[in-house]
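Structure first, then comments.
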């Protein structure tokens with residue numbers, strides 16, 4: 001049995017496990033004040049070419065989104081996201097649980113349209129009763145999106161411009177950031193993100209780490225952000241766990257190197273489906289592929305290959321998701337090929 005259900009089926013990259021074992025008995029301070037975490041912060045600052053950036057390590061993606069959004073918004077503000085955005089669909093209302101409404105816009109191949117964003121904001125402030133409503137205080141994007149698509153530098157710059165015009169924060173969820181940066185056609189580099197948003201995170205959980213994400217505030221973190229992280233239950237006492245992992249991922253360009261493996265395998269998976277005449281729901285350049293399978297085709301894979309059902313279509317077909325990762329092997333792809 002081989003699994004393409006998600007990009008965190010495996011544990012962690014062997015170099016991370018090796019480093020965790022090597023440092024296991026070294027005594028260090030807790031809560032991220034250890035030397036490993038500080039080394040990781042410096043390496044991330046160098047990678048994003050922003051020496052003054054504030055960097056925090058948080059336990060997981062949902063905790064990161066809920067904590068950052070809560071910290072950046074006032075109590076009466078909400079966050080704008082597309083209707084397929086992660087915070088709008090797959091986070092069990094975590095954002096609303098902290099008191100902030102998710103304000104939804106249409107998604108276009110998973111992405112937000114800058115013109116629709118500006119139209120929404122213009123209409124909001126044209127309403128004489130806008131002070132009686134949830135006031136938009138932030139725009140949330142994910143890179144890549146839930147459908148594996150990526151924003152261009154031009155698209156992000158346009159959205160950034162609108163956010164500045166309306167004094168909104170722009171926050172980018174980078175759970176799969178490495179896979180976006182390693183994908184074909186991406187015209188963005190890691191160092192571009194500090195110029196394009198108020199906060200973003202570098203995903204570790206889905207890109208080689210056991211757990212953990214690295215939040216980057218290019219200018220300055222919100223006041224008492226450390227305390228806010230703890231209040232959200234997202235602070236690890238053994239902060240060295242995330243520090244060591246990110247210190248390893250940002251040594252010798254490991255983060256992007258292992259991300260490329262996921263893209264290479266994903267393109268092989270995409271080719272398998274297209275050569276079999278199986279349509280793709282969306283043209284994704286990243287590690288998530290979305291073939292449209294019939295019931296018969298899914299039955300053929302049953303018990304041999306694991307995948308996710310993403311959306312059921314009229315007539316019985318399903319949009320499915322096949323996700324590759326830093327650890328997906330050519331042998332995994334060959335198994336899929338033999339079953340198809």
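Tabulated values for the structure
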quantity	calculated
Taking 310, 130 and counting other C-beta atoms within 10 Å, the order from fewest to most	130, 310
Relative contact order of the chain, pairs being alpha-carbon contacts under 8 Å that are 6 or more residues apart, as %	26 percent
Extended-chain gain in nm, criterion 0.36 nm per residue less alpha-carbon gap, residue 6 and residue 97	30.2 nm
Mean projection area, nm², convex hull over Cα of region 1-105	10.2 nm²
Taking region 121-222 and dividing mean pair separation by its residue count, relative contact order in percent (alpha carbons under 8 Å, at least six apart)	23 percent
Spatial separation of Cα centroids for region 99-147 and region 287-338, in angstrom	33 Å
Most mobile of 89, 102, 26 in a GNM of the chain (Cα contacts under 10 Å)	26
Ordering of 117-125, 319-327, 17-25 by burial proxy (mean other Cβ atoms within 10 Å per residue, highest first)	319-327, 117-125, 17-25
Residue order, fewest to most beta carbons within 10 Å, for 338, 259, 142	338, 259, 142
Kirkwood Rh, angstrom, region 238-340 [1 / mean 1/r, Cα pairs]	15.1 Å
DSSP-defined beta bridges in the chain - what % are antiparallel, rounded to 5	55 percent
For the chain, the fraction of alpha-carbon pairs in successive 20 Å shells from zero, as %	31, 56, 13, 0
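Each reported figure results from applying straightforward, stated rules to the coordinates on display, with no laboratory input. All values derive from a computational prediction rather than experimental measurement. Cβ atoms come from the backbone with ideal geometry, glycine included; neighbour counts cover every protein chain shown.
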